[in-house]
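Taking it in order: structure first as structure tokens, then the write-up.
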Amino acid sequence: MPKIHLSDSVEYGGKTYHHLQLRKPRLADYLLASRVESTDGRDLAVVATLASLADVPVEVIASLSMADTHRFLEAALPLVPARKT
């Protein structure tokens, strides 16, 4: 699975993140996204799913620079299955 090296490290919760390691989605990721979407909306559900795929808190994803966000999304979004409405 892809490892995304961050051009701007992110500090959160006493840790410094220099890269994000993605993993294959698990059922728990989709259950989390479904639960978040039903209470907080679809946009936050996507962010929660992406954070879950990288095994980091949502705040780490929210703190990424625009360049790092773009690289992260390019690597992560193909792992998230399309929703059927």
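The values are calculated or read from the model by the stated rules, or taken from the named source; none is laboratory data. Bear in mind that the values here come from a model prediction, so they are computed numbers and not experimental data. Methodologically, a virtual Cβ is constructed for each residue, glycine included, from the backbone with ideal geometry; neighbour enumeration extends over all protein chains shown.
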Check: From the list Thr39, Thr49, Thr16, which residue is at pLDDT below 90, exposed (fewer than 13 other Cβ atoms within 10 Å of the Cβ) and of a type in the set (Val, Ile, Thr)?
Finding: Thr39
Check: Under 6 Å by Cβ, and 6 or more places apart or on different chains, what pairs join a residue from the range 1-21 that is touching a residue at least 40 places away in the same chain (Cβ under 8 Å) with one that is part of a strand (DSSP E or B) and among the β-branched types (Val, Ile, Thr)?
Finding: Tyr17/Val10; Leu20/Ile4
Margin query: Residue under question is Leu6, and the condition is that it be at pLDDT 95 or above and aliphatic (A, V, I, L, M); does it hold?
Written below: yes
Note to self: For the range 20-33, which positions are surrounded by 12 or more Cβ atoms within 10 Å (Cβ to Cβ) and either modelled with pLDDT under 85 or not charged (D, E, K, R) (or both)?
What the structure shows: Leu20, Gln21, Leu22, Pro25, Asp29, Tyr30, Leu32, Ala33
